[in-house]
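Below is one structure, written out as structure tokens, with a few remarks after it.
The values are calculated or read from the model by the stated rules, or taken from the named source; none is laboratory data. None of these values were measured; they are calculated from a predicted model. Because the Cβ atoms are built from the backbone with ideal geometry, glycine has one as well, and the counts that use them run over all protein chains shown. The accessibility values were calculated without ligands, DNA or RNA, using every heavy atom of the protein model including side chains. Shrake-Rupley method; radii C 1.70, N 1.55, O 1.52, S 1.80 Å.
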Amino acid sequence: MSDEIKESCGLFGVYNHPEASRLTYLGLFSLQHRGEESAGIVTSDTHTLTKHIGMGLVEDVFSQENLTSLKGRLAIGHTRYSTTGSSLLKNAQPLQVDYSRGSIAIAHNGNLINALFLRDELEAHGSIFQTTIDSEVILHLLADPQYAHFEEALVDTLLKLKGAFSLLILREDELIGVRDPNGFRPLCIGRLGEATLLASETCALDLLGAEFLREVEPGEVVVINASGIRSLKPFPPQTPSHCIFEHVYFARPDSFIFGESVHQVRQRLGRQLAREHPADADVVIAIPDSGNSAALGFSLESGIPFEIGMTRNHYVGRTFIQPNQQTRDFQVRVKFNPVKAALFGKRVVVVDDSIVRGTTCKARLKSIRAAGAKEIHMRVSCPPIKNPCFYGIDFPTRQELIACSHSLEQIQEFLEVDSLGYLSIEGLLSAVKEDKSHYCTACYSGKYPLPFGREADKYILERKFAGEAHPPTAPGPVSRGQDMEA
Ligand code: SF4
């Protein structure tokens, strides 16, 4: 990834383990790439729910002491990047409430496209909200006192939600996992001894030595309690819309999502890219880490040797430096430094997974040129990103997306490369296993699988707080498969 795009969130849940909070901490640790702004864990000892949340990375938020204070054999955890609502402690998850039937906590990955509509309805009936995030409406709907039984409230709540939602729900004595009927975001089930685990990605299970049982199916609700694992299918049948960008960039290459290995998909993307945009070159290098698998695929298909042309410093963390030109250059170099011995005098194919704004990419290519590369052939293992995402990924605005405002030739000129090739949408879809119709490609194609209000964005609920007028956000004018730009 040449520009920083933020993932939505990572989820991890544990049922029936004496070290539930520590397991969840480790699970969140391996899902850190899905959200770096805040982290939180709620545990249950079957009577009481206990919560600890904080701003920052998982390792900054938790200490031995607060993990010890999180008692019980059940837990859910969340790492967050804000896709609705600002990065504030009050918006950190899991969210927890005590209500007439007991206590409940939720952790949400995705974005509800009808959150404002639901919130307006709830507020009209007296609900008082404490956050500016879409996920809080779920908690209010679940806690509605009109339902005698929790499962009744759960099913009715889920049927009201529209958009992307992989959810973990914790009650005193049970853990529930939910995946929306489109299956936008991944969620899987694992086993560790007597414990059952739920995780956004399988890499979190691997770290704990847990067995991967299966993925939660799109539209499935798994209820895990003393009776075992029970599966509910409350939604009408629907064609899935897995987020293809999870395969391109977000998920870790060692994860297995949407029925296949992320690394293998990325390698196939690289092979297809080599077929669509061959290059006369001496070496293939990747922008690490997310470009690695695709660069390897490009090399295997083209026969051009793969080289480590750039090293990534994994110890950088956040650099609190005022952004002026000199420090911006430093920030690029401190994170990624070119390997001169691999690049000097060579014709180089540089493979990256995507280009968003183009500015960071340009800086990295400049450093490759400065290291002595004779020619640079830029290859991108996905199509140009031209549209925003309303299902849980925080892309910049259209105006900031370089592919929105520049032609291919203009981007090549801007990046100062000898050639530029993006993978086609057909090529992208040829690399994944399921039927083409089972993936969302809206950020490339503009074909949105679910209708949404055009004014939707991550600050929509804050604008409401600020008293700005807003049109209703019940399912809007864009329908499934319709081009938003039409
Ligand atoms: S618009 Fe793009 S990022 Fe968003 S869900 Fe669809 S494929 Fe994923």
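Go through (1) surrounded by fewer than 19 Cβ atoms within 10 Å (Cβ to Cβ); (2) at pLDDT below 95; (3) assigned to a loop (DSSP other than H, G, I, E, B) and name the single condition Thr46 misses. All conditions pass for Thr46, except number (2). Within the range 385-432, can you find the residues that are within 16 Å of the ligand (Cβ to nearest atom) and either exposed (fewer than 13 other Cβ atoms within 10 Å of the Cβ) or among the acidic types (Asp, Glu) (or both)? Once the filter is applied, which keeps residues that are within 16 Å of the ligand (Cβ to nearest atom) and either exposed (fewer than 13 other Cβ atoms within 10 Å of the Cβ) or among the acidic types (Asp, Glu) (or both), the range 385-432 yields Asp394, Thr397, Glu400, Glu426.
The strands (runs of 3 or more DSSP E) falling completely within the range 220-314 include none with 2 or more residues that are open to solvent by 40 Å² or more (accessible area, probe 1.4 Å), among the polar types (S, T, N, Q) and away from the ligand (no atom under 16 Å from the Cβ). One residue stands out among those in the range 199-216 that are at pLDDT 95 or above and over 19 Å from His247 (Cα atoms): the one that is least open to solvent (accessible area, probe 1.4 Å), which is Ala210.
Listed here are the residues, each with its yes/no results for (1) among the basic types (Lys, Arg); (2) touching a strand residue (DSSP E or B) at 6+ places or on another chain (Cβ under 8 Å); (3) within 16 Å of the ligand (Cβ to nearest atom); (4) within 16 Å of Leu11 (Cα to Cα).
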position: Lys160; (1), (2), (3), (4): yes, no, no, no
position: Ser166; (1), (2), (3), (4): no, yes, yes, yes
position: Asp173; (1), (2), (3), (4): no, yes, no, no
position: Leu197; (1), (2), (3), (4): no, yes, no, yes
position: Ser200; (1), (2), (3), (4): no, yes, yes, yes
position: Leu205; (1), (2), (3), (4): no, yes, no, yes
position: Leu208; (1), (2), (3), (4): no, yes, no, yes
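Within the set Ser63, Ser38, the sole residue that is open to solvent by 20 Å² or more (accessible area, probe 1.4 Å) and out of contact with any Asp or Glu (no Cβ under 8 Å at 6 or more places or on another chain) turns out to be Ser63. Taken as a whole, the structure leaves Arg364 outside the set of residues that are within 26 Å of the chain's Cα centre (by Cα), part of a loop (DSSP other than H, G, I, E, B) and either among the charged types (D, E, K, R) or more than 25 Å from Glu246 (Cβ to Cβ) (or both).
For beta carbons closer than 6 Å, sequence separation of 6+ or different chains, a first residue in the range 433-444 that is farther than 14 Å from Gly183 by Cα and open to solvent by 20 Å² or more (accessible area, probe 1.4 Å) and a second that is in a strand (DSSP E or B) and away from the ligand (no atom under 12 Å from the Cβ), the qualifying pairs are Lys433/Glu260.
Looking at the range 443-458, is at least one residue away from the ligand (no atom under 16 Å from the Cβ) and either under 20 Å from the mean Cα position of the chain (by Cα) or modelled with pLDDT of 95 or more (or both)? No, because not a single residue in the range 443-458 is away from the ligand (no atom under 16 Å from the Cβ) and either under 20 Å from the mean Cα position of the chain (by Cα) or modelled with pLDDT of 95 or more (or both). The criterion of at least 2 residues that are over 30 Å from Ser227 (Cα atoms) is met, among strands (runs of 3 or more DSSP E) falling completely within the range 74-185, by 102-112.
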